[in-house]
Amino acid sequence: MEEQLNEYQGKATMDKITSLAKRRGFVFQSSEIYGGQNGAWDYGPLGIELKNRIAGAWWKEMTQLHDDIVGLDAAILMHPRTWEASGHVENFTDPLVDCKKCKARFRADQIPEENLAAKKCPECEGELTDTRKFNLMFKTHIGPAEDTASVIYLRPETAQGIYVNYKNIIQSNRMKIPFGIAQIGKAFRNEIVTKNFIFRTCEFEQMEMQYFVKPGTDEEWFVEWKKRRWAYYDKLGVKMDHLRWHQHGPGELAHYAKDAYDIEYLFPMGWRELEGVHNRTDYDLSRHTQYSGKDMQYIDQDNNNERYIPYIIETSAGLTRNVLMILCDAYDEEQVTDKGSAASEGSADDIRTVLRFHPSLAPVTVAVLPLMKKDGLAEMAQDIRTELKEDFATDYDQAGAIGRRYRRQDEAGTPFCVTVDYQSKDDNTVTLRFRDSMEQIRVPKAELASRLRQEIKTYKRAAK
Ligand code: ATP
């Protein structure tokens, strides 16, 4: 653990990220006025934009850029037999221990082995209970009767909605193996320990893609999907030295998996899983065949109607965990010295906080700021904003000193600011200010939209 933290090179800490997220309206604690609800968070105006953009980037990557992948949005509530077939009713458990003295609750696999062996609480040294298995699925009832016949679960993963629809999609969309189905949606897990802000929550969102392949080709496809998912994060502009692969050892491998790798990100609290790439074999479709009585075999019409149960390569990423990753990855603090363009932006030796989002992910792409409210500058700035609105996510701010307004946009991660000043009235040019370098250039108003488009397309994060 110590070693992991020393490895961390970023400026972010979980406290700083949590407080910035609240201050700027990215993420709020759920039901805060009642003291908050553990394991649940609300996404504010900037947070929902960021989350939607991350989801959009993934969706584009997985569907638009792949002719052989289609989308799906399955229901959260599924027939309870689904979860018997998937193995979740029996196996989706965490080992749990409680402290009899301080009542703290721990995952047995997350406390030091010596504490577990001595049954000693790592916090107060009180006596721990025996380890018991705790199922992570949220259980509720459907309909008015609260009996065993009405038990229903909130889905703990989105994948099963894909498996039960795989035959529908083959038929309706004439898909041929190999092909994939992508889905983004909510999942629920009754996590024993929720900490580190939105990293591990009871209600979260997943972005999953299940790729159906012929048995025997699965290992090749597994390697291919590992490659593609790695390249995706590079394209997103993530610090690649903060990513690494972790292969599941024999003790970690899920009962259905032939091989599994996690993409881990170096969060401020250390290396943690961001996404899993799994070879799930024919386990899921075989089990659904067995439990539903429906034939889940694929019939290969191009190959003498050969029949087989496809193998599945899964890429499973947390959307809300990706939001946290992008926030940590973008977070920076910078000493602003009294030179260059920074001079007009604040006092010497000031620290500015900046979120260096890729412009395609930033909640606001361009903020339009009149230097003064008076003399028609505000009206001109409003007109520019109206023109840009159709194509870009915009903001408008006329309150306070210009340097302070730039800082507010830096904290929100807005990559471009457009400032309207007196010269704008004379020659129809505006100042375009870049978030990362704080450089300012003069651009004719008429060229603004095309210049912004070009800047977004060619954006490269400066090496630090
Ligand atoms: P862990 O071991 O951390 O509990 P897992 O291996 O059970 O996670 P998967 O079932 O493989 O996770 O889920 C796929 C992805 O979904 C994870 O990589 C993660 O990004 C996300 N995810 C899983 N559980 C949660 C959670 N409780 N809160 C937020 N995201 C989660």
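The values are calculated or read from the model by the stated rules, or taken from the named source; none is laboratory data. As the structure is a computational prediction, the values presented were derived from the model and not from experiment. Neighbour counts are summed over all protein chains in view; Cβ atoms, including those assigned to glycine, are modelled from backbone coordinates with ideal geometry. In case anyone asks, the SASA skips ligands and DNA or RNA and just uses the protein heavy atoms, side chains included. Shrake-Rupley method; radii C 1.70, N 1.55, O 1.52, S 1.80 Å.
Odds and ends about this structure:
- Screening residue 200 against (1) open to solvent by 40 Å² or more (accessible area, probe 1.4 Å); (2) more than 12 Å from the ligand (Cβ to nearest atom); (3) within 14 Å of the chain's Cα centre (by Cα); (4) not polar (S, T, N, Q) leaves a single unmet condition, (2).
- Listed by first and then second residue, the pairs linking a residue in region 311-322 that is within 27 Å of residue 297 (Cα to Cα) to a residue that is basic (Lys, Arg) and near the ligand (Cβ under 8 Å from one of its atoms), with Cβ atoms under 8 Å apart and 6 or more places separating them unless they lie on different chains, form an empty list.
- In region 201-213, the residues that are closer than 15 Å to residue 226 by Cα form Cβ pairs under 6 Å with partners that are of a type outside the set (Asp, Glu) and near the ligand (Cβ under 8 Å from one of its atoms), at six or more places apart or across chains, as follows: 208/316.
- Of the residues making up region 128-164, those that are open to solvent by less than 30 Å² (accessible area, probe 1.4 Å) and within 16 Å of the ligand (Cβ to nearest atom) are 136, 137, 153, 155, 156, 157, 158, 159, 160, 161, 162, 163.
- Count of region 241-256 residues, restricted to those that are away from the ligand (no atom under 12 Å from the Cβ), open to solvent by less than 50 Å² (accessible area, probe 1.4 Å) and either within 18 Å of residue 9 (Cα to Cα) or at pLDDT 95 or above (or both), is 2.
- All strands (runs of 3 or more DSSP E) inside region 357-464 with 1 or more residues being farther than 19 Å from residue 56 by Cβ and free of Cβ contacts under 8 Å to residues at least 12 places away in the same chain: 440-444
- Residues within region 55-75 that are surrounded by 15 or more Cβ atoms within 10 Å (Cβ to Cβ) and either among the charged types (D, E, K, R) or part of a loop (DSSP other than H, G, I, E, B) (or both), tallied: 4
- Residue satisfying all of: in region 203-215; open to solvent by less than 10 Å² (accessible area, probe 1.4 Å) and away from the ligand (no atom under 16 Å from the Cβ); farthest from the chain's Cα centre (by Cα) among these: 213
- Any chance residue 237 is in contact (Cβ under 8 Å) with a residue 60 or more places away in the chain, within 24 Å of the chain's Cα centre (by Cα), within 30 Å of residue 17 (Cβ to Cβ) and more than 16 Å from the ligand (Cβ to nearest atom): yes
- Screening 284, 259, 218 for residues that are away from the ligand (no atom under 14 Å from the Cβ), in contact with a Phe, Trp or Tyr (Cβ under 8 Å, 6 or more places away or on another chain), acidic (Asp, Glu) and touching a residue at least 12 places away in the same chain (Cβ under 8 Å) leaves exactly one candidate, 218.
- Lone qualifier among 15, 109 - being in a helix (DSSP H, G or I), open to solvent by 30 Å² or more (accessible area, probe 1.4 Å) and touching a residue at least 12 places away in the same chain (Cβ under 8 Å): 109
- Members of region 165-187 that are surrounded by fewer than 17 Cβ atoms within 10 Å (Cβ to Cβ) and either within 14 Å of the ligand (Cβ to nearest atom) or polar (S, T, N, Q) (or both): 165, 168, 171, 172, 173, 186
- Residue 51 meets each of the listed conditions (1) without any contact (Cβ under 8 Å) to a residue 24 or more places away in the chain; (2) under 24 Å from the mean Cα position of the chain (by Cα); (3) within 29 Å of residue 152 (Cα to Cα); (4) not in a loop (DSSP other than H, G, I, E, B) apart from (1).
- All positions within region 76-99 that are crowded, with 18+ Cβ neighbours inside 10 Å and of a type in the set (S, T, N, Q): 82, 86
- Filter result for residue 228 (within 15 Å of the ligand (Cβ to nearest atom) and among the basic types (Lys, Arg)): no
- Residue in region 337-357 that is farthest from residue 239 (Cα to Cα), counting only those that are modelled with pLDDT of 55 or more and open to solvent by 40 Å² or more (accessible area, probe 1.4 Å): 347
- Selection count, region 401-447, where residues are under 34 Å from the mean Cα position of the chain (by Cα) and small (Gly, Ala, Ser): 4
- Among (1) open to solvent by 40 Å² or more (accessible area, probe 1.4 Å); (2) touching a residue at least 40 places away in the same chain (Cβ under 8 Å); (3) over 30 Å from residue 302 (Cβ atoms); (4) away from the ligand (no atom under 14 Å from the Cβ) - the single one residue 190 does not satisfy: (4)
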